[in-house]
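Note sheet for the following structure.
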Amino acid sequence: MNIAIVKYNAGNIHSVINALGRLGVKALLTDNEEELRGADKVIFPGVGEASTTMEYLRAHNLDRIIRDLKQPVLGICLGQQLMCSRSEEGNAECLGIFDVPVLKFNPQRHEDKVPHMGWNTIETDGKGIFKGFDKPEYVYFVHSFYVPVCDWTAAKTDYILPFSASLHKDNFYATQFHPEKSGSTGERILKKFLDI
Amino acid sequence: MLAKRIIPCLDICKGRTVKGTNFVNLRDAGDPVELGKLYSEQGADELVFLDITASFEERKTFTDLVERIAANISIPFTVGGGIHELKDVERLLKAGADKVSVNSAAIKNPKLIDEIALNFGSQVCVAAIDAKQTDEGWRCFLNGGRVPTDRMLFEWAHECCERGAGEILFTSMDHDGVKQGFANEALRHLSDELSIPIIASGGAGAKEHFRDAFLEGHADAALAASVFHFGEIPIPELKQYLCDLKIPIRL
């Protein structure tokens, strides 16, 4: 199987390559249009700031390429946020794959620390990358912005308020959490994505 | 619900874990990757690797080790020791570390915290603080508690938070190694005052001590070394115990 990872100015891309390596899959890190279009699956990871990252994607024509991909695509963390319509982080205009905005957490109580960092449970729809998930599972999150619950929510998490831990629409899948850092549960999710 | 985290800490010297362990089921307990993997399988929520040698020549050994850890372990890990400047942070993050902890270097040059947060985000910056109770209150110390500083714990923790640290790792030098429990009063003060997570360190000797760090100390995470290394408190047993007390824990 031919897996491509979108190469851009985001951090932490290597942890995704490492996680795939543990599953015995070698991925190609690329920003080349042919290679991205030709891959069986594409992963769009990322840790970073939304507006500067979107500027980079636009300057390299990657916004159009990602939007037009037809094979299964998995956005992770910032990747999920960038697939939405816009983000409150730096008032960024995003890819618009999911027509929902990305908002900043607004803590209500002192215990609600931001960023939301650590292991929290997801309640999934049991489909797609969560096939076979029938009870809440713990996964690892690090983020200060969130996607509200919407028509495309595939998994929900409650922190300050219920938000979209995962989205799904057609060939586009996304997670706010880091499957590559979520132990055996994360590995299961990555495997499901590879099996789609 | 966001889970309270259990974090084993491994001291590394020349690429090997020190302080030994009594895990009979490990081929090579001295190999930090093997030990880290075992902890991860047992349910550790994160790992901390502290390079206690950190002489100039040995930094490369540690960086190589960080690469191996990143390739083999599927949970987040923090590295510390020998971080003096932004270049060190960059090197370790590039090797695959999720977070770095800064201690002495930040007290000597507090701007380092701002620089890490600005360049890599607050989430990678753990401010480690070693403190002891003195007549004037909790004072920060350097070099494992040998060198007093002019910084007091609470004001320094506040400053770290304002400068952009993502977490505070607070070790009470009075409690460290004594195995009589964490410094819960100071922990609670930190946790209730600051808007970032607090990791309790120093003093774990029994399962109840973890319970107290969470319930009385309001800590977000608890770190320990020897009780895990010597199998005195198996992680699965600890987590089940905390879970039975209705403390949010990942099982």
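Laboratory data are not the source of any read-out in this text; all were calculated from the coordinates shown. Bear in mind that the values here come from a model prediction, so they are computed numbers and not experimental data. With ideal geometry, Cβ positions are generated from the backbone for all residues, glycine too; neighbour counts draw on all protein chains shown.
Please list log₁₀ I(q)/I(0) at q = 0.20 Å⁻¹ for the stretch B:124-204, using the Debye equation with identical point scatterers on the alpha-carbon positions.
Those come out to -0.84, one per q.
Please give me the summed charge of the neighbours of A:SER15: other residues whose Cβ is under 9 Å from its Cβ, Lys and Arg +1, Asp and Glu -1.
Combined, the nearby Lys, Arg, Asp and Glu give -1.
What does the charge add up to near A:ARG58, with Lys and Arg as +1, Asp and Glu as -1, over the other residues with Cβ less than 15 Å from its Cβ?
Once positives and negatives cancel, what remains is -4.
In a shell of Cβ-Cβ distance under 13 Å around A:HIS168, excluding A:HIS168 itself, what net charge do Lys and Arg (+1) and Asp and Glu (-1) give?
+2
Would any residue of the stretch A:149-171 have its amide N under 19 Å from a label point 7 Å out along Cα→Cβ of A:ASP125? List them or say none.
A:149-158, A:162-171
Write down, largest first, the equivalent ellipsoid semi-axes of the protein assembly as shown in whole Å, where each equals the square root of 5 times an eigenvalue of the alpha-carbon gyration tensor.
With the √(5λ) rule applied to the protein assembly as shown, the semi-axes are 36, 23, 22 Å.
At 222 nm, what helix-only mean residue ellipticity would chain B give, in deg cm²/dmol to the nearest 500, using -39500 (n - 2.57) for each DSSP H run of four or more?
-11000 deg cm²/dmol
Reachable aspartates and glutamates from A:LYS104, Cα under 14 Å, same-chain residues fewer than 8 places away excluded?
A:GLU49, A:GLU88, A:GLU89, A:ASP112
Compute the Kirkwood hydrodynamic radius of the stretch B:5-244, taking the inverse of the mean of 1/r over all pairs of distinct Cα atoms, and give it in Å to one decimal.
Hydrodynamic radius (Kirkwood, Cα pairs) of the stretch B:5-244 is 17.8 Å.
Do you know the relative contact order of chain A, to the nearest whole percent, from alpha carbon pairs under 8 angstrom that are 6+ apart?
Once normalised by length, the contact order is 19 percent.
Give me the Kirkwood hydrodynamic radius of chain A in Å, from all C-alpha pairs, to one decimal place?
Result for chain A stands at 16.5 Å.
Taking only the alpha-carbon positions of the stretch A:50-122 and ignoring solvent, what does the Debye formula give for the base-10 log of I(q)/I(0) at q = 0.14, 0.26 Å⁻¹?
Reported log10 I(q)/I(0), two decimals: -0.52, -1.23.
I need the trypsin sites (Lys or Arg not before Pro) found in the stretch A:25-71, filtered to DSSP loop residues with at most 13 other beta carbons within 10 Å of theirs.
A:LYS26, A:LYS70
How many partner chain Cβ atoms sit within 10 Å of a residue's Cβ in peptide A:113-126, on average, as a whole number?
5
Roughly speaking, what is the centre-to-centre gap between the stretch A:122-196 and the stretch B:35-80 when only Cα atoms are used, to the nearest Å?
27
Which entries in B:LYS60/B:LYS207; A:LYS156/B:LYS207; B:LYS37/B:LYS239; A:LYS169/B:LYS239; B:LYS4/B:LYS108 show an alpha-carbon gap greater than 29 Å?
B:LYS60/B:LYS207; A:LYS156/B:LYS207; A:LYS169/B:LYS239; B:LYS4/B:LYS108
Taking 0.36 nm per residue of sequence separation and subtracting the Cα-Cα distance, how much length would be gained by fully extending the chain between B:LEU251 and B:HIS158, in nm to one decimal?
So the chain would gain 30.2 nm between B:LEU251 and B:HIS158.
Could you sort B:199-211, A:11-23 so that the peptide with the highest average Cβ count within 10 Å comes first and the rest follow in order?
B:199-211, A:11-23
For labels at B:LYS14 and B:ASN72 in the simple 7 Å Cα→Cβ model, what's the distance in nm?
My value for the distance between the label points is 1.9 nm.
Please give the contour-minus-distance gain from A:LYS104 to A:MET1: 0.36 nm per residue of separation, less the Cα-Cα distance, rounded to one decimal in nm.
33.4 nm
Treating the beta-carbon of each Lys and Arg as +1 and of each Asp and Glu as -1, no other charges, what is the dipole magnitude of the stretch B:5-244 about its Cα centre, to the nearest 20 debye?
For this selection, approximately 620 debye.
Roughly how far apart, in whole Å, are the Cα centres of the stretch A:38-68 and the stretch A:82-113?
17
Among B:ASN72, B:HIS158, B:ILE6, which residue has its Cα furthest toward the positive end of the charge dipole of the stretch B:5-244, with +1 on Lys/Arg Cβ and -1 on Asp/Glu Cβ?
Sorting the options by dipole projection puts first B:ASN72.
Do any trypsin sites (Lys or Arg not before Pro) in the stretch A:72-146 lie in a DSSP loop with no more than 16 other beta carbon atoms within 10 Å, and if so, which?
A:ARG109, A:LYS127, A:LYS131
Once you've got the GNM for chain B with C-alpha springs shorter than 10 Å, pick whichever of B:LYS87, B:LYS37, B:LYS132 has the biggest mean-square fluctuation.
Ranking B:LYS87, B:LYS37, B:LYS132 by mean-square fluctuation puts B:LYS87 first.
Averaged over B:72-80, how many beta carbons belonging to a partner chain fall within 10 Å of each residue's beta carbon?
5
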